[in-house]
Amino acid sequence: EAQVTQNPRYLITVTGKKLTVTCSQNMNHEYMSWYRQDPGLGLRQIYYSMNVEVTDKGDVPEGYKVSRKEKRNFPLILESPSPNQTSLYFCASSLAGGPIYEQYFGPGTRLTVT
Amino acid sequence: SQQGEEDPQALSIQEGENATMNCSYKTSINNLQWYRQNSGRGLVHLILIRSNEREKHSGRLRVTLDTSKKSSSLLITASRAADTASYFCATVPYSGGGADGLTFGKGTHLIIQP
């Protein structure tokens, strides 16, 4: 089944403790991206990647890192999480060319930073 | 930055009725996409309409695009309880195929009363 998977689905952590949210897709998609969703603000893009070893900042990249060492994986790294990063996070993938094609979203990771 | 704005923010109708949601945006677009999100879950792509298209259908869904008014509408006919969800429009700017992501509106929350 074609899908985007994220782990963990739920995470409660404390300020400053480094964490990684994994994202993997099995559709051989070149383009991958991360969004966060907050009440009243909608979805905002954090980072995106056009292909392996090619990443770039989205609208709200501060406090996040990403890497794209393999085509299928695009982990989101929070080196020192803070409470304002409490949010619902989504990974998405699509064919080369990115947003001009439909995006396939993962199920989401609900992160709480205390 | 937020470009798409959905209207209404919330809509409650009886099962079997039609539901219409509108989306307005500010800048020229390559395409406009509609997504559905069931409570707290990942987004599911519904329809993509390109800037040179005026109308598109998919099952019970009909999307129109008016680039002169910078607006789009999503019509769901013969609504079902399972259509209860939030619906988002997302735009891709006309920038020669830029890779930065979709710009989402804040969504319309649709409730179908049985």
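A short reminder: the numbers here are calculations on the coordinates, not readings from a lab. Just so it is clear, the structure is predicted and the values come from calculations on it, not from any experiment. Here Cβ is always computed from backbone atoms with ideal geometry, including for glycine, and neighbour counts include all displayed protein chains.
Which count do you get for residues in region A:22-71 that are in contact (Cβ under 8 Å) with a residue 24 or more places away in the chain and under 18 Å from A:Ile100 (Cβ atoms)?
15
Identify the residue in region A:26-63 that is crowded, with 22+ Cβ neighbours inside 10 Å and more than 10 Å from chain B (Cβ to nearest Cβ) and, among all such residues, is farthest from A:Thr112 (Cα to Cα).
A:His29
Please tell me if B:Lys106 is farther than 19 Å from A:Phe90 by Cβ and touching a residue at least 12 places away in the same chain (Cβ under 8 Å).
no
Could you list all residues from region A:75-102 that are within 13 Å of chain B (Cβ to nearest Cβ) and under 13 Å from the mean Cα position of the chain (by Cα)?
Residues satisfying the conditions are A:Ser87, A:Leu88, A:Tyr89, A:Phe90, A:Cys91, A:Ala92, A:Ser93.
Scan region A:1-58 for residues that are within 15 Å of A:Arg72 (Cβ to Cβ), among the small types (Gly, Ala, Ser) and in a loop (DSSP other than H, G, I, E, B) and jot them down.
A:Ala2 - this is the single residue of region A:1-58 that is within 15 Å of A:Arg72 (Cβ to Cβ), among the small types (Gly, Ala, Ser) and in a loop (DSSP other than H, G, I, E, B).
With the condition kept exactly as written, say whether any residue in region A:72-83 is over 24 Å from B:Thr103 (Cα atoms), touching a residue at least 60 places away in the same chain (Cβ under 8 Å) and part of a strand (DSSP E or B).
Scanning region A:72-83 turns up no residue that is over 24 Å from B:Thr103 (Cα atoms), touching a residue at least 60 places away in the same chain (Cβ under 8 Å) and part of a strand (DSSP E or B).
Filtering region B:1-25 down to residues that are among the small types (Gly, Ala, Ser) and part of a strand (DSSP E or B), which residue is farthest from the chain's Cα centre (by Cα)?
B:Ser12
Sort through B:Ser73, B:Ser28 and tell me the only one that's surrounded by fewer than 21 Cβ atoms within 10 Å (Cβ to Cβ) and under 10 Å from the mean Cα position of the chain (by Cα).
B:Ser73
I'd like the full set of residues that are buried (at least 19 other Cβ atoms within 10 Å of the Cβ) and either touching a Ser or Thr at 6+ places or on another chain (Cβ under 6 Å) or within 20 Å of B:Ile29 (Cβ to Cβ) (or both), limited to region A:82-99.
Listed by number, the residues that qualify are A:Tyr89, A:Ala92, A:Ser94, A:Gly98, A:Pro99.
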